1. Would you calculate a helix-derived [θ] at 222 nm for the chain, using -39,500 (n - 2.57) for each DSSP H run of n ≥ 4 and dividing by the full residue count, to the nearest 500?
2. Can you work out the FRET efficiency for the pair Ala280 and Ala167, with r the C-beta to C-beta distance and R0 = 56 Å, to the nearest 0.05?
3. Stokes-Einstein at 10 °C, 1.306 mPa s, Kirkwood radius from Cα pairs: D for segment 5-117 in µm² s⁻¹?
4. Probe of 1.4 angstrom, ligands and nucleic acids ignored: what's the accessible area per residue over the chain, in square angstrom?
5. What are the radius of gyration and Dmax of the chain, computed over its Cα atoms and given in Å?
6. Suppose the chain between Ala127 and Ser327 were pulled fully straight at 0.36 nm per residue; how much longer would it get relative to their current alpha carbon spacing?
7. Want the number for Ala293 to Asp44: 0.36 nm per residue separation, take away the alpha-carbon distance, what's left?
8. Using the Cα atoms of segment 136-202 to build a convex hull, what is its mean projected area in square nanometres?
Amino acid sequence: MTARIAVLGAGGFIGSHLAPALAERFGCEVDAVDVTFEKLVSKDPRIHRRCARVEDAGVVEEVTRRASLVISLTALCNPSLYSTFPLEVIDASFTHLLPLVKLCTERRVRLIHFSTAEVYGRRAMNAAGEPAAEMTEDDSCSLFGPVHRERWTYACAKQLMERVIWAQGKHHGLEFSIVRPFNTIGPRMDYLPGVDGDGIPRVLACFIDQLLRGEPLSLVGGGRQRRAFMDVADMVEAVCRMVERRGPCRGQIVNLGNPANEVSIADLARLLAREFSALAPLARAARFEHVTADEFYGEGYDDTEQRVPDIGKARSLLGWEPRVSLSEMLPAILGDYLERYAGRVASRTSRFEREPERVA
Ligand code: NAD
Ligand code: UDP
């Protein structure tokens, strides 16, 4: 089994769940690289933290000298950034990772790279460009908006990196697997604006922030867009199986998501609000408001109407099935945010008010 695994982006949401799971499951040493480790709370002595940027001199050189497997998760992956910091988004998902891919190829280091479901674009299409129900790894076309819709900077950078990795594999022997995650959520995802970060996080943290502050939940475009949400525990299990099933996964691009958890964003808002009121019965009742994408994100944003994975390939390669339903995952996720943030949000805003008649 792999003796040493490097996890780049180990201090992020998925990385902070994955790194301890790898150390535990494989009994291996884990080199964890990130610029922050606040979310990586594990005390496992096999996890070695290196606080650095992947593009810093010597970092990927050292990582590929020590580890036999690199799992790369670094990216700027909040949609609000794609049209506000597009050059940094492109660098993070493409330019800064080119040396890593080259060194993995030269040194015969296995690479599991995190791409994104965003590479499919606005909606699912089959090979002929006709509408389809699900997004399929080796068949679907991509549908990106025009260049002035800067939303697609991230998708294009991720897709070009997939093409570089594919070419290094096909023509120069790189042993790789590419993961395309579909809306994976769980404890420790993102941040709350004004508390431990700035700007607009992904939808889960946006809605929880609004619930905690007693503000209306913002439904962009009315919330008709549809997403399939997967629990991070199902993601971790799939990636561990990918590590184990080295031969079958070589040269494969694999969707990881949970099609059974497909909902509209408006329904997600309602489900979160219901769970929130069960956990925090004294908080102000949830309200909802419709906002336009331009109002919420500014110009250059664009949206994916519907994003549902075909996970047939993951099932057959990994013998894996996502297990956690939305109703099972939401209480634990909300519990985590309440535990970490309720005090901090309440002390910073007078809008997290109790309903007097229910306090009595
Ligand atoms: P995240 O933002 O929580 O984690 C990314 C981590 O990378 C952060 O801790 C960040 O500090 C670190 N990082 C970024 N640039 C870096 C650099 N130059 N050097 C060192 N560290 C750097 O995001 P996440 O949700 O955990 O996503 C992990 C990966 O999965 C990303 O590549 C993302 O594109 C992909 N992905 C995630 C989802 C999802 O639903 N969570 C969906 C699609 C794709
Ligand atoms: N969204 C929303 N309200 C918010 C934040 C996001 O309606 O407060 C919508 C957003 O427009 C998108 C969906 O929720 O259609 C999912 O957004 P997220 O940022 O999580 O990432 P995406 O799935 O688009 O990559």
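The values are calculated or read from the model by the stated rules, or taken from the named source; none is laboratory data. This is a predicted model, so every value here is computed, not measured. No Cβ is skipped: glycine too gets one built from the backbone with ideal geometry, and neighbour counts run over all protein chains shown. Heads up: the accessible areas ignore ligands, DNA and RNA and are worked out on the full protein's heavy atoms, side chains in. Shrake-Rupley method; radii C 1.70, N 1.55, O 1.52, S 1.80 Å.
1. Result for the chain: -12000 deg cm²/dmol, rounded to the nearest 500.
2. With R0 = 56 Å, the Cβ-Cβ based efficiency is 0.65.
3. 112 µm²/s
4. For the chain, the solvent-accessible area averages 43 Å² per residue.
5. 20.3, 71
6. Details: separation 200, 0.36 × 200 = 72.00 nm, distance 3.43 nm.
Difference between extended and current length: 68.6 nm.
7. 85.4 nm
8. 7.0 nm²
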